[in-house]
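Okay, structure first, notes after.
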Amino acid sequence: MGCGAAEPEGPFPPRPAEIDVANVDPCVAMTPELRQQWEVEGDEPSVVTLADGPSRVCGWGNNDTVENYSVQTIQTPAVRVATARGATVTVIDGFGAVRMVESENSAPLCTLYLDAAEVASVRVQVQDFGYDELTRGSPDEVCGRAELLARSYLTKARPQ
C-alpha cells in the first residue's frame, strides 16, 4: 500500500460526504411529499440514551395503515453491524448501508444502517404491522419505503 491513497475500510465504498449526524435533525427526512404519500402527520422527535451515548430520533406513524417510520442517529459506525446475522450490505445514494429484515411473516421491519460518518451512523426503520396479510406490505415493499426515507435524509443532511 502506498502513502496518501485511502484504502476503503470494510465493506463500504468511500463516503461521498461526511454527515454531521450530531447536528442534522433526523426529522428532515420526512419531506412534505413523503408525508403526503404515506399519510403521516407531525414529527415525533426525542432523545434516547443508548449504550454508546445519546441518540436523536424522529418518528412518524400512520394509524390507518399501522405503519411506523423512524430515523435515528447512532454513535456507532455502520460497519459494526455489517457482519451481523441476516445483514446485507448495500449502497444508497453512494453511501454504504447495512440492511436487516425482521418479523418477515408477521410485521415486516426493515432497518437500514447508513455509513454516514466515521464514528456514527444513521438508522432508518420502517415497520408495517398491517391488519392482516392482505394489508401488510412485503419485506421488499417495506425496505423500499425505508430506502426512500434514507435517500430523503441523505439529500437533506449532506453538506451543501
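The values are calculated or read from the model by the stated rules, or taken from the named source; none is laboratory data. Everything numeric in this text was worked out from a predicted model, so none of it was measured. No Cβ is skipped: glycine too gets one built from the backbone with ideal geometry, and neighbour counts run over all protein chains shown. The accessibility values were calculated without ligands, DNA or RNA, using every heavy atom of the protein model including side chains. Shrake-Rupley method; radii C 1.70, N 1.55, O 1.52, S 1.80 Å.
Values as computed for the structure displayed
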read-out	value
Label-to-label distance, nm, for residues given as Glu118 and Glu18 (7 Å Cα→Cβ offset)	0.5 nm
Which labelled figure in [x] 15.9, 57; [y] 17.6, 63; [z] 14.4, 45 is Rg and Dmax of the Cα atoms in Å, once derived from the coordinates	[x]
Choice from Tyr69, Tyr113, Tyr131 with maximal GNM fluctuation in the chain (Cα, 10 Å cutoff)	Tyr131
Label-to-label distance, nm, for residues given as Thr90 and Ser138 (7 Å Cα→Cβ offset)	1.3 nm
Simple spin-label estimate for Asp64 and Gln36 in nanometres, 7 Å along Cα-Cβ	1.5 nm
Portion, in percent, of the accessible area of the chain that falls on carbon or sulfur, probe 1.4 Å	50 percent
Using a Förster distance of 30 Å, the FRET efficiency for Val48-Val28 (Cβ separation, nearest 0.05)	0.95
Surface accessible to a 1.4 Å probe, per residue, for the residues of the stretch 1-158, Å²	53 Å²
Selected from Leu109, Leu50, Leu149 as most flexible by GNM, with the chain as the system and alpha-carbon contacts under 10 Å	Leu50
Helix axis angle, 139-157 relative to the chain longest principal axis, alpha carbon, degrees	50 degrees
Listed residue (Trp60, Thr135, Val89) projecting farthest to the positive dipole end of the chain, Cβ model	Val89
